[in-house]
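Colleague: Questions regarding the structure given below will be posed in turn.
The values are calculated or read from the model by the stated rules, or taken from the named source; none is laboratory data. A quick note: this is a predicted structure, and the numbers were derived from the prediction, not measured. Ideal geometry is used to build each Cβ from the backbone, glycine not excepted, and the neighbour counts take in all protein chains shown.
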Amino acid sequence: MKRKASPSPFPHVPGLQKKRTKNGHRWILSEPDFSGVSRSITVKISDNDPPDVFLAKVTEARKALRRRCACQGFAEYVDAYVKMRQYAASTETRIRRVLGEYSFDEKRNAKAINRLLESNRAPGTKRLYLETVRSFFAWLIQRGETIRNPAADVTIKAPRGRRTRTATDQELAEILAYARKTDPEHRLFILLLVYTGARGSTILALTPDSLDADQKLHMFNVKAKKRYDFPIQITNRDLLDTWKTVAKRGVLWLRKWHEVTFSAWLRRHFGKDANGEYLSAHSMRHTFATRALQSGVPLEIVSKLLDHASVSTTLSIYAKFSTEQIDNAVKCTVETIPDK
């Protein structure tokens, strides 16, 4: 004969079962998650617990189970979202890292958004992360999830357009005087910046064979991953003589140290201008482009010398004209208009 199970001293709770084990028995609480899969958690209940303690333990276990189900369900949604979008491996890693801070808990999501806004990340990175969160939660809501999009009403202001200071005639004279006092390698780096308008990374990629017999520098645009030529005037004896002095060693020995040291000297020697901007090694590129345009060199040629992919890049970033030049341009234009 089967022995009848003794009646439970506790009230009935849906989903709660008492199961036998080798060491006695344990209480298991089961509930379906968002996808209908049953999830379980063990509830530490003693037979001597009073009914109120029993109910309190069940309530806490149910909360823990729902948090676990929420996390598991959220992770499954992230997997489905990433698989649907077919991201590259590096992008997929970033997406998972960003969304790993969020769940179905709206309080946790609000804290994660606040941490993003208060972080020291660059504004562009913040906007990228925010757009990732906004797109994912919008996708969740379209699938029928009743959850608030934590990034729906959050905006990050775009950073102020970066200004790059250009050197004046007096500043250029002081820079060239400083270059003459330094070692040949450092002097060559500064002269190449001033007279070619190339990026520091492009100059650092030069070799002794980069200057041919026709006085043309064979440059490698590290940023765009392509090669271009830059003519060096035979009258620029200072640059050519310094090149020959350094190239005799077989290696130019131009290093990142030259760019860092030069920028540090510019900040220390000239300080900030009226707009709070410092001169830097990259300022020599802006100075070269601006002076070329102000001297009447056609925009297309300046763009080619700077190895820009588009003329609009040269126009939008480097075309800086003085008030006198603008006034003269208006005057010349008006004078060509007939009175009658």
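Colleague: Any residue at all in the range 195-218 that's more than 24 Å from the chain's Cα centre (by Cα), basic (Lys, Arg) and outside any helix (DSSP H, G or I)?
Modeller: Yes, the range 195-218 has at least one match.
Colleague: Another question, if that's okay. How many residues does the range 165-183 hold that are assigned to a helix (DSSP H, G or I) and buried (at least 19 other Cβ atoms within 10 Å of the Cβ)?
Modeller: The qualifying residues number 2.
Colleague: Let me ask you something else. How many residues does the range 16-44 contain that are part of a strand (DSSP E or B), at pLDDT 75 or above and not aliphatic (A, V, I, L, M)?
Modeller: The qualifying residues number 9.
Colleague: Let me ask something else about it. Name the residue, out of 225, 272, 256, 244, that is out of contact with any Pro (no Cβ under 9 Å at 6 or more places or on another chain), at positive phi and in the same structural domain as residue 207 (by TED's automatic domain parsing).
Modeller: After ruling out the rest, the residue left standing is 225.
Colleague: So residue 124 passes all but one of these: (1) free of Cβ contacts under 8 Å to residues at least 60 places away in the same chain; (2) outside the structural domain of residue 316 (by TED's automatic domain parsing); (3) touching a helix residue (DSSP H, G or I) at 6+ places or on another chain (Cβ under 7 Å). Which condition number does it fail?
Modeller: (3)
Colleague: Take residue 242 and tell me if it is within 36 Å of the chain's Cα centre (by Cα) and β-branched (Val, Ile, Thr).
Modeller: So residue 242 fails the test.
Colleague: Which one of these does residue 109 not meet: (1) within 30 Å of residue 293 (Cβ to Cβ); (2) modelled with pLDDT under 90?
Modeller: (1)
Colleague: Can you list the helices (runs of 4 or more DSSP H) found entirely within the range 252-308 that contain at least 3 residues being aromatic (Phe, Trp, Tyr)?
Modeller: In the range 252-308, the matching helices (runs of 4 or more DSSP H) lie at 256-270.
Colleague: Shifting gears a bit: In the set 281, 309, which member is of a type in the set (A, V, I, L, M), modelled with pLDDT under 90 and either closer than 21 Å to residue 219 by Cα or surrounded by 11 or more Cβ atoms within 10 Å (Cβ to Cβ) (or both)?
Modeller: Every option except 309 fails the conditions.
Colleague: Tell me which residues, restricted to the range 131-151, are farther than 12 Å from residue 81 by Cα and either touching a Pro at 6+ places or on another chain (Cβ under 8 Å) or at pLDDT 85 or above (or both).
Modeller: 131, 134, 148, 149, 150, 151 - these are the residues of the range 131-151 that are farther than 12 Å from residue 81 by Cα and either touching a Pro at 6+ places or on another chain (Cβ under 8 Å) or at pLDDT 85 or above (or both).
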